[in-house]
Amino acid sequence: MAGGIIVSADSSSVTVDNDRGPLGPTPNNNAFAARRATSADLVREIAERLGEAGDGNPLSPEAAQKIRNGLPGIVADLDMRDIGTFPSLDHVPPAAFNHLADIAASQLSGKFGLPQDEVVTLASRAQAAEQKLRQHRSLPYSGAPVRACYF
């Protein structure tokens, strides 16, 4: 797989690639995969998990900028630790979208001054998301039989 996510100032969309990557399609993501998600969707999802948006509250430009600035480092860390590799924001697999949002929200929680109980909840979700991403990466199935090798 290719390197990490490239976030530029003019990046405006995340194209959901339902046929490629180690995370591939899942039965529960048909509604999400059927549409083109924007980077604003990813930022909004992270902001909702941080309590900065949702319930009709608009996302402040400052909060959105904090999230956008933090994403490249978060994705580089995931790539370095071999948890998840995303070629670009235009190719985030649908199965990884929510996991990436959980991990990013946890790592960005310090910048938003969340109470300790919410930080712990986000960290727990991020840990589960990292396990799911590792599981998806480690379970490619080719369908071919494998010969046992005894030595």
Quiz item: Do you know which of the residues in the range 51-105 that are in a loop (DSSP other than H, G, I, E, B) and buried (at least 23 other Cβ atoms within 10 Å of the Cβ) is modelled with the highest pLDDT?
Solution: 52
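Among what's in the range 106-151 and is among the aromatic types (Phe, Trp, Tyr) and not in a helix (DSSP H, G or I), pick the residue that is modelled with the lowest pLDDT.
The initial filter retains those residues of the range 106-151 that are among the aromatic types (Phe, Trp, Tyr), namely 112, 141, 150-151.
Right, trim to not in a helix (DSSP H, G or I) and you get 141, 150-151.
On the way: 141: 59, 150: 82, 151: 73.
Looking at the filtered set, the residue picked out is 141.
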Quiz item: Are there any pairs with C-beta distances below 9 angstrom linking a residue in the range 121-140 that is under 11 Å from residue 96 (Cα atoms) to a residue that is modelled with pLDDT under 95 and of a type in the set (Lys, Arg), with the two at least 6 apart or on different chains, and if so which?
Solution: 130/81
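The values are calculated or read from the model by the stated rules, or taken from the named source; none is laboratory data. Bear in mind that the values here come from a model prediction, so they are computed numbers and not experimental data. Neighbour counts are summed over all protein chains in view; Cβ atoms, including those assigned to glycine, are modelled from backbone coordinates with ideal geometry.
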